[in-house]
Amino acid sequence: MHEIIGKMGENITILPSFWCDYGYNIEIGNNFFSNHNLIILDCAKVTFGDNVFIGPNSGFYTAGHPFDPEIRRVGIEYAKPITVGNDVWIGAGVHVMPGVSIGNNVVIGAGSVVTKDIEDDYVALGNPCKVVKKIDGKQVL
């Protein structure tokens, strides 16, 4: 993994399988865990903070394609970076789209499609992913 990933902290676990485009555009902080079947399309930078936990079958996609079919046919694509803060739990089957930033102390519910930024200290879920409640530090579940 150290030969593939651009920057890695300590205590990193990525269960198989793992797929990425380049690898050198990925930065991972300390105490990172990803369950099975992680996909990172890192045409642009993908940054994970410390203490990030990712459920199985999740993906982070920096690449996108134009809406106009004539432009799309010639093979043009774009890439926008993705940032995930510290102390983030991402549930199973979550898909994070190009240009999204997920703040610190955030929980993303299983099956969510994250198309817009999520600020610090929130639980967000759904398709499209929306904030459902503030995390106040006292909740156990």
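The values are calculated or read from the model by the stated rules, or taken from the named source; none is laboratory data. Just so it is clear, the structure is predicted and the values come from calculations on it, not from any experiment. Cβ coordinates were reconstructed from backbone atoms using ideal geometry, including for glycine residues, and neighbour counts include every protein chain displayed. Heads up: the accessible areas ignore ligands, DNA and RNA and are worked out on the full protein's heavy atoms, side chains in. Shrake-Rupley method; radii C 1.70, N 1.55, O 1.52, S 1.80 Å.
Between N30 and K130, full extension at 0.36 nm per residue minus the direct alpha carbon distance yields a gain of 33.3 nm. In the chain, the DSSP beta bridges split such that about 15 percent are antiparallel, to the nearest 5. When peptides 67-74, 19-26 are ranked by their average number of other Cβ atoms within 10 Å per residue, the highest-first order is 19-26, 67-74. FRET efficiency for the N11 to S101 pair, using the beta carbon distance and R₀ = 25 Å, is estimated at 0.60. Applying the Kirkwood pairwise sum to the alpha-carbon positions of region 17-58 produces a hydrodynamic radius of 10.5 angstrom. Stretching D68 away from F18 to a fully extended chain increases their span by 14.8 nm, per 0.36 nm per residue minus the current alpha-carbon distance. The Cα trace of region 58-118 gives Rg and Dmax of 13.4, 42 Å, the first to one decimal, the second as a whole number. Accessible surface ranking for D50, D136, 1.4 angstrom probe, highest first: D136, D50.
A straight line joining the Cα centroids of region 108-133 and region 25-85 runs 16 Å.
Non-local lysine pairs in the chain, meaning eight or more places apart or on different chains, with alpha-carbon distances under 30 Å, amount to 17. Calculate the tail of P(r) for the chain: the fraction of all Cα-Cα distances greater than 22 Å, expressed in %. Tail of the P(r) past 22 Å holds 35 percent of the pairs.
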